[in-house]
Amino acid sequence: MEDKRFKIANREALIGVGLVMINFAIWFGFAYGLGSGDPANYTYVLGFPAWFFYSCIAGTIFMIVLLWFVLTFFFKDVPFDEEDAQ
């Protein structure tokens with residue numbers, strides 16, 4: 001019989017990979033989407049170029065909130081001792 005801890009660990013690892021992909025998509029999309037134009041035409045948010053603000057500052061805040069949500073509602077405490085796992 002397969003240990004259920006491996007199933008949980010695999011699921012949580014896949015969630016982690018998904019979160020990394022979301023973070024990269026946000027960063028890449030804003031950094032290269034808004035930042036690919038002529039710097040003379042940049043718009044600014046709180047003194048930062050919009051591409052930097054959205055990709056690095058707002059994206060980080062969003063990811064922190066998303067990580068809190070995922071860790072709170074999708075991840076489980078798993079015992080490491082074999083006798084506790086069964």
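Observations on the structure shown:
- Derived scalar couplings ³J(HN,Hα) [region 16-30; Karplus, 6.51 cos²θ - 1.76 cosθ + 1.60; whole Hz; x for Gly, Pro]: x, 5, x, 5, 5, 5, 4, 4, 5, 4, 5, 4, 5, x, 6
- If you wrap the tightest convex hull around every Cα atom of the chain and split its volume per residue, you get 89 Å³.
- The trypsin sites (Lys or Arg not before Pro) of region 5-86 that meet both conditions, a loop assignment by DSSP and at most 14 other Cβ atoms within 10 Å of the site Cβ, are LYS76.
- Extension gain, GLU12 back to PHE74 (0.36 nm per residue minus Cα-Cα distance, nm): 21.5 nm
- Were the residues from LEU66 through LEU19 laid out at 0.36 nm apart, the gain over their Cα-Cα distance would be 16.1 nm.
- Were the residues from TRP27 through TYR44 laid out at 0.36 nm apart, the gain over their Cα-Cα distance would be 4.4 nm.
The numbers here are math on the coordinates, done by the rules we state, and not lab data. All figures in this text were calculated on a predicted structure; none of them were measured in a lab. Ideal geometry is used to build each Cβ from the backbone, glycine not excepted, and the neighbour counts take in all protein chains shown.
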